[in-house]
1. Take Asp362 and decide whether it is assigned by TED's automatic domain parsing to the domain that holds Val207, surrounded by 14 or more Cβ atoms within 10 Å (Cβ to Cβ) and either of a type in the set (Asp, Glu) or under 19 Å from His422 (Cβ atoms) (or both).
2. Only residues that are assigned to a loop (DSSP other than H, G, I, E, B) and surrounded by fewer than 16 Cβ atoms within 10 Å (Cβ to Cβ): list them for the stretch 445-477, please.
3. Which count do you get for residues in the stretch 318-330 that are buried (at least 21 other Cβ atoms within 10 Å of the Cβ) and either within 22 Å of Gly416 (Cβ to Cβ) or not assigned by TED's automatic domain parsing to the domain that holds Gln192 (or both)?
4. Checking Ile485 against (1) surrounded by fewer than 21 Cβ atoms within 10 Å (Cβ to Cβ); (2) within 26 Å of Ile392 (Cα to Cα); (3) touching a His at 6+ places or on another chain (Cβ under 7 Å), which test does it fail?
5. Just one of Leu86, Leu144, Leu167, Leu82 is at pLDDT 85 or above and more than 30 Å from Ser352 (Cα to Cα); which is it?
6. Could you go through the stretch 67-76 and let me know if any residue there is of a type in the set (S, T, N, Q), under 25 Å from Ser14 (Cα atoms) and surrounded by fewer than 17 Cβ atoms within 10 Å (Cβ to Cβ).
7. Which members of the stretch 221-239 meet the condition of being outside any loop (DSSP other than H, G, I, E, B), of a type outside the set (Ser, Thr, Tyr) and either touching a residue at least 60 places away in the same chain (Cβ under 8 Å) or on the phi > 0 side of the Ramachandran plot (or both)?
8. Being closer than 24 Å to Ile421 by Cβ, surrounded by fewer than 19 Cβ atoms within 10 Å (Cβ to Cβ) and out of contact with any strand residue (DSSP E or B) (no Cβ under 9 Å at 6 or more places or on another chain) is the filter here; which residues of the stretch 271-317 pass it?
Amino acid sequence: MDFAITLDSNSSLSLHQQLYEQLRQAILGGRLLPGKRIPSTRQLAKSLGISRTTVTQTYDQLLSEGYIETVVGSGTFVCTQLPDDLLHSTPIPSTGKMTRPPVKLSKYGEYLINTENVPRVAEPEMPINFRYGQPAFEQFPINLWRKLLSRYCCSHLQWLDYSTDILGYKPLREAISRYLSRSRAVNCEPEQVLIVNGTQQALDLIVRLFIEPDDVIALEDPGYLSARLIFQTQAAKLLAIAVDESGLVVKDLAHHSSEQVRLVYVTPSHQFPTGAILSLSRRLELLTWAQKTGAFIIEDDYDSEYRYGERPIPALQGLDRSDSVLYIGTFSKVLFPSLRIGYLVLPKNLVSAFAHAKWLSDRHLPILEQQVLTDFIEEGHLERHIRKMRAIYDRRRQALVRALNVHFGEKATILGEKAGIHVMVRLHTPFRDEEIIQRAALHGIGMMSAAPHYLRPHSQGEFIFGYGELTEQQLVESISKIAQILKSKY
């Protein structure tokens, strides 16, 4: 244990007196709290480069005056109860801080300070919360994950070192490449896969490498709020493109031919938040548009693993023949968010630039988690877990939809119920969104309005109901309570 103490060998006070005064002031000023252990005489003498005799003399004086106490076999501690005369003594005045000119932030920093949509405090805990994107943690095979962790912790030490692979752990990139080929018909080699710290980092890298101020980015409206915030931090112009039951209205892009669109951001497999699935004809139309204009498509495939009763449509990237798609995936929804491992599949000619940008940003993700995830995928655990969770989420989805139909009937329009772990619901009610959220919170139910996800003005009454972490009983009971809350105004 080191302790910051300044000793002046040229002072008129002896080293013992200087050390005594500084330790005494640290105790009275709160730097050393009651009950806190302090260094041994040997440790402190070595740390300060003075004789142990000087430290011992100081400790003896503090001990005799009731500032510290020794516990045999444990060490020396600040007394939990200081003498009465010390408790009522005049506080030692602080030196105060020097003033300096106001801080000037960059445009990026100013935007973050002034925007209302960047989280500043933790969400209030609710017994039932319809927050989206939360998987069912109680269903995760934690014992299996622990076993895979111990496999590397006990027998290998490679995970303690820096990574030498600029793209990420190669066996994981190989496993992801094979998995995407099987499950999403993505065409890629391991050398095109960049391991990233989730979707947000992938988007940040894309925008920093492609966008200058006033460049145009087209995005779905409504769309993923966090993506929009990243685009806005680069001072990009945002072009809102409507979404209908078949996903992004691609023809609207052609109507903006005067705008030189650099990027278009889409969630084609499960549009966020409406849940629409981009039809095959529109996928082909979008790819043709990108090839003609030279724009790139950001395909965010955030929860395509969960489909219910419908044949999967290949990823945009798998249909692409002109290297126009930047494909993003994550394990946050299928495993758990704190894993913080995602991937970005890139055209070959862009790999080098992205790899260097990623290296400058954070070098690499923790190797241990990448090793464990590799085995989890290669041994078949990931796909078994997805099959299991698809059945569980399907039952929860059906319970939620039934409850909405029973308690709301025609007063609720359900959107995008055939995929993912959330649905968007349009409630036909005279209440404003804020009032509904407040009334639900009084009953311990957390609700989320879809309003922040719109770029253009829209009508009230749309909510995102995430059901991944809620049981069927919780879903039924909470929808019943919400209906009762709003019943008086129908």
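The values are calculated or read from the model by the stated rules, or taken from the named source; none is laboratory data. These numbers come from a predicted model, not from an experiment. Quick reminder, even Gly has a Cβ in these numbers, built from the backbone with ideal geometry, and neighbours come from all protein chains shown.
1. Working: assigned by TED's automatic domain parsing to the domain that holds Val207: yes; surrounded by 14 or more Cβ atoms within 10 Å (Cβ to Cβ): no; either of a type in the set (Asp, Glu) or under 19 Å from His422 (Cβ atoms) (or both): yes.
No.
2. Keep residues of the stretch 445-477 that are assigned to a loop (DSSP other than H, G, I, E, B), which gives 447, 450, 454-461, 467-471.
Once the filter is applied, which keeps residues that are assigned to a loop (DSSP other than H, G, I, E, B) and surrounded by fewer than 16 Cβ atoms within 10 Å (Cβ to Cβ), the stretch 445-477 yields Arg456, Pro457, His458, Ser459.
3. Residues meeting the conditions: 4.
4. So the condition that Ile485 fails would be (2).
5. Values: Leu86 fails: at pLDDT 85 or above; Leu167 fails: more than 30 Å from Ser352 (Cα to Cα); Leu82 fails: at pLDDT 85 or above.
None of the others qualify; the one that does is Leu144.
6. To start, the set of residues in the stretch 67-76 that are of a type in the set (S, T, N, Q) comprises 70, 74, 76.
Restricting the remaining residues to those that are under 25 Å from Ser14 (Cα atoms) gives 70, 76.
Now restrict to residues that are surrounded by fewer than 17 Cβ atoms within 10 Å (Cβ to Cβ): 70.
Within the stretch 67-76, one or more residues are of a type in the set (S, T, N, Q), under 25 Å from Ser14 (Cα atoms) and surrounded by fewer than 17 Cβ atoms within 10 Å (Cβ to Cβ).
7. Listed by number, the residues that qualify are Asp221, Leu225, Ala227, Arg228, Leu229, Gln232, Leu238.
8. Correct list: Leu280, Gly309, Arg311, Pro312, Pro314.
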